[in-house]
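The values are calculated or read from the model by the stated rules, or taken from the named source; none is laboratory data. Note that the structure is a prediction, hence the values are computed from the model and not measured. Positions of Cβ are generated from backbone atoms using ideal geometry, with glycine treated the same way; all protein chains shown enter the neighbour counts.
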Amino acid sequence: MPRTKATALAELFPSQTQAKTAIVINKVLERYHYGKANFDDAFAHGVVDSYLDALDPSRSFFLARDVESVQSGALRLNDSLRRGELDAAFDTFRVYRTRVDERVAHALALLSGNFDFNVDESYQFDRSKAPWAKSGAELDEIWRQRVKNDFLSLRIAGKSDDAIRERLSQRYRSLARRLQQFTAEDVFQSFMNAYTETLEPNTNYLSPSTSANFDISMKLSQEGIGVVLRSDNECTVIQRTLPGGPARESGQISAGDRIIGVAQGLGGKIEDVAGWRLQDVVDKLRGPKGSVVRLQVVSQAGGKEGVSREVALARNEIRLEDQAAKDYVIDDFPNAPGVKIGVIELPSFYRDFDAETRGQRDFRSSTRDVRQLLGKLSGQGIDGIVIDLRGSGGGSLAEATSLTGLFIDTGPVVQVKDTTGKVTMEEDQDPGMAFAGPLAILVDNQTAGASEILAATIQDTKRGLVVGLPTFGRGSIQTLVDLNRYVTDEKQDLGRLRLTMAMFYRMNGDSVQLRGIEPDIVFPFDSQILPRERLQANPLPWDRISPVSTLTYGFHLEPDVFNRHLERVRADRGFQLMAERNRRLAVLDTQKMVSLNLTDRQAKAMEDDGFRAEFDSMATQLKSESAGVDSGDGPDLGTLRESARILADCIKAGCFSKQGK
């Protein structure tokens with residue numbers, strides 16, 4: 001339910017329950033967190049910096065003297081948290097809210113004037129590393145350029161000046177109004193997450209209300225558009241789309257796109273969501289099945305200068321069946337006539353633990369579903385299998401082990417090291433294989449966790465080949481800790497902690513952390529700027545442990561297979577467009593400034609629109625040519641089909657013929 005009531009500043013003080021929660025979190029982290037962090041002065045300064053960045057990532061509200069005042073108390077932070085003293089965190093937030101009110105008032109005053117878009121002037125939109133403003137006058141100039149940039153972006157999008165003023169007035173007032181609705185629980189969660197994420201990015205605090213929402217999302221089907229979102233410097237960014245969801249089915253939404261506006265129904269007014277809290281945007285996207293939500297979206301390749309487009313989607317139920325494993329067959333290979341390749345798309349490693357606990361023998365799991373699909377595909381006479389793990393964020397460790405066992409004989413799958421340093425082995429104990437034929441694993445930068453375990457084991461045992469992009473590189477294992485187990489007062493709800501408590505390792509002893517899995521054949525796209533664990537703040541380091549011996553199955557990549565792949569992609573317009581798209585993204589990633597000259601911005605917008613039109617046209621063409629084959633998270637432009645062609649070439653070249661142990 002959206003919040004409408006403002007919280008008085010006098011209400012923004014920590015409660016006794018929050019003080020107790022801070023003490024408990026501190027003790028749990030000291031005792032159980034894998035990283036065994038040193039809670040020293042450097043760590044305390046890191047927490048303060050993380051908190052300031054969480055509140056003001058664009059450095060457009062706080063003054064330098066505000067920041068200096070907060071930082072001066074950092075040395076007392078560790079002792080304060082051990083005692084549950086949170087006054088400094090709440091003091092900082094109250095100052096922040098005051099500064100936001102001041103900036104919004106200034107922005108609204110600027111809207112009553114006019115802007116000259118003929119002068120050569122630039123705006124630094126990425127201020128994440130910029131110095132904090134030393135005076136109100138310096139902030140006034142930053143906001144003059146910011147409002148001018150917002151105004152210019154909407155003018156290029158074809159809005160009238162009156163409509164622009166109304167839209168931006170709504171945006172700025174909404175920014176202040178939503179911040180005024182922050183409760184003490186919101187402030188506490190923001191600060192504690194700044195604290196936990198200073199250790200590493202996958203440990204998070206869930207307040208009581210956030211925990212309730214988490215339970216709902218885990219137990220019930222959601223009615224929405226099927227996207228996973230993240231915040232990025234006051235923007236709402238689509239991290240990935242879910243299989244079977246309206247967003248992916250539309251073909252108009254891709255990972256990396258920014259949502260800047262949301263409207264309800266076909267005729268509803270667009271609400272500007274720039275600067276909104278992530279949860280508030282999620283609430284706007286949810287709704288009854290069949291209802292329409294309209295999004296204003298800016299393509300990732302358009303950068304900060306990008307022109308928005310509107311996408312209308314009918315909400316639908318995102319069911320387990322939509323995210324379960326799916327299969328299809330590809331059989332048109334010019335270089336390998338008669339070869340049939342089965343594809344199994346595996347969005348996650350799922351397991352119905354509740355049904356299993358109840359003793360239900362036919363509980364749903366990814367291993368059971370994939371085993372069934374392998375039998376079905378084998379009955380169709382397929383010659384090899386591609387397991388599509390693109391966008392698969394992982395899931396159950398038990399499922400990763402059992403599903404890997406479908407393709408190998410008995411033996412080790414993954415090593416796990418806990419917070420005490422003890423190493424255990426997860427093994428496949430089921431003799432034989434559900435599928436013993438040629439195998440390829442397709443991965444990308446969002447293949448993470450349990451998915452990386454499967455890819456690593458197939459590669460290390462030489463059971464098959466891995467193709468695609470280097471994987472995400474998340475080698476950590478999390479568990480959900482109920483903080484209430486550490487207190488005796490049943491009336492208090494402390495929330496929960498998502499805690500990193502172990503790491504997993506390949507059979508060769510290497511951690512997957514940061515480095516991920518390097519495919520045997522890497523597609524020729526620049527993936528350096530794509531989301532990866534190593535690009536997040538404070539990731540745990542890479543390390544290695546002792547290797548273990550394992551069976552090997554003799555796959556070898558013949559040079560001719562790689563050469564044929566290169567010949568195809570060099571002549572393939574879809575691959576050329578993907579390479580150009582990533583090149584553009586790499587350039588955008590280095591840019592911190594944007595022109596405020598109308599002519600320059602219009603020329604850039606026309607260039608970007610032309611590229612996007614060709615890109616979208618090629619994606620539509622390939623999708624029609626590949627009916628029934630999911631394109632993954634965004635335009636596929638032939639990567640799945642190329643993976644199948646590589647496997648077909650491997651079969652013809654005898655890459656799987658030298659079986660050994």
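For this structure, a couple of remarks:
- Taken together, the residues in the stretch 122-136 that are over 16 Å from Leu55 (Cα atoms), part of a loop (DSSP other than H, G, I, E, B) and at pLDDT below 95 amount to 1.
- Listed by position, the helices (runs of 4 or more DSSP H) inside the stretch 1-116 whose residues that are of a type in the set (Ser, Thr, Tyr) and not assigned by TED's automatic domain parsing to the domain that holds Ala184 number at least 1 are 16-32.
- Enumeration of residues in the stretch 417-442 that are part of a strand (DSSP E or B), touching a helix residue (DSSP H, G or I) at 6+ places or on another chain (Cβ under 9 Å) and buried (at least 17 other Cβ atoms within 10 Å of the Cβ): Glu426, Asp428, Leu439, Ala440, Ile441, Leu442
- Complete set of residues in the stretch 426-475 that are of a type in the set (A, V, I, L, M) and closer than 20 Å to Arg641 by Cβ: Leu439, Ala440, Ile441, Leu442, Val443, Ala455, Leu465, Val466, Val467, Leu469
Listed here are the residues, each with its yes/no results for (1) touching a Ser or Thr at 6+ places or on another chain (Cβ under 8 Å); (2) modelled with pLDDT under 75; (3) part of a helix (DSSP H, G or I); (4) closer than 30 Å to Asp116 by Cβ.
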| position | (1), (2), (3), (4) |
| --- | --- |
| Ala586 | no, no, yes, no |
| Val594 | yes, no, no, yes |
| Asp600 | no, no, yes, yes |
| Lys604 | yes, no, yes, yes |
| Asp609 | no, no, yes, yes |
| Arg612 | yes, yes, yes, yes |
| Ser617 | no, yes, yes, no |
| Leu622 | yes, yes, yes, no |
| Gly628 | no, yes, no, no |
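- Among the residues of the stretch 535-548, just one is surrounded by fewer than 14 Cβ atoms within 10 Å (Cβ to Cβ) and either without any contact (Cβ under 8 Å) to a residue 24 or more places away in the chain or of a type in the set (Lys, Arg) (or both), namely Arg544.
- From the options Ser527, Ser546, residue that is of a type in the set (Ser, Thr, Tyr), farther than 25 Å from Tyr51 by Cβ and modelled with pLDDT of 95 or more: Ser546
- Test for Pro412: is it touching a strand residue (DSSP E or B) at 6+ places or on another chain (Cβ under 7 Å), surrounded by fewer than 24 Cβ atoms within 10 Å (Cβ to Cβ), over 30 Å from His33 (Cβ atoms) and touching a residue at least 40 places away in the same chain (Cβ under 8 Å): no
- Checked against (1) free of Cβ contacts under 8 Å to residues at least 60 places away in the same chain; (2) in contact with a Pro (Cβ under 7 Å, 6 or more places away or on another chain), Ala436 passes all but condition (2).
Let's see how each residue does on (1) in a loop (DSSP other than H, G, I, E, B); (2) surrounded by 18 or more Cβ atoms within 10 Å (Cβ to Cβ); (3) touching a strand residue (DSSP E or B) at 6+ places or on another chain (Cβ under 6 Å); (4) touching a residue at least 40 places away in the same chain (Cβ under 8 Å):
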{"site": "Ala247", "(1), (2), (3), (4)": "no, yes, yes, yes"}
{"site": "Ser254", "(1), (2), (3), (4)": "yes, yes, no, yes"}
{"site": "Ile259", "(1), (2), (3), (4)": "no, yes, yes, no"}
{"site": "Val262", "(1), (2), (3), (4)": "no, yes, yes, no"}
{"site": "Gly267", "(1), (2), (3), (4)": "yes, no, no, no"}
{"site": "Trp276", "(1), (2), (3), (4)": "yes, yes, no, yes"}
{"site": "Val282", "(1), (2), (3), (4)": "no, yes, no, yes"}
{"site": "Gly287", "(1), (2), (3), (4)": "yes, no, no, yes"}
{"site": "Val297", "(1), (2), (3), (4)": "no, yes, yes, yes"}
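- Among residues of the stretch 505-527, those that are assigned to a strand (DSSP E or B) and under 10 Å from Arg544 (Cα atoms), counted: 3
- Of the criteria (1) over 25 Å from Tyr553 (Cα atoms); (2) in a loop (DSSP other than H, G, I, E, B); (3) not hydroxyl-bearing (Ser, Thr, Tyr), which one Ile408 fails: (1)
- Restricting the stretch 443-479 to residues that are assigned to a helix (DSSP H, G or I) and closer than 29 Å to Gly379 by Cβ leaves a set whose member that is modelled with the lowest pLDDT is Ala450.
- Failed condition for Ser50, given (1) free of Cβ contacts under 8 Å to residues at least 60 places away in the same chain; (2) over 13 Å from Tyr96 (Cα atoms); (3) surrounded by 18 or more Cβ atoms within 10 Å (Cβ to Cβ): (1)
- Odd one out for Ser174, checked against (1) surrounded by 14 or more Cβ atoms within 10 Å (Cβ to Cβ); (2) farther than 30 Å from Glu11 by Cα; (3) in contact (Cβ under 8 Å) with a residue 40 or more places away in the chain: (2)
- Residue among Val227, Val187 that is more than 22 Å from Arg496 (Cα to Cα) and either surrounded by 19 or more Cβ atoms within 10 Å (Cβ to Cβ) or at pLDDT below 90 (or both): Val227
- Lone qualifier among Ile441, Ile385, Ile408, Ile344 - being of a type in the set (A, V, I, L, M, F, W, C) and in contact with a Pro (Cβ under 8 Å, 6 or more places away or on another chain): Ile385
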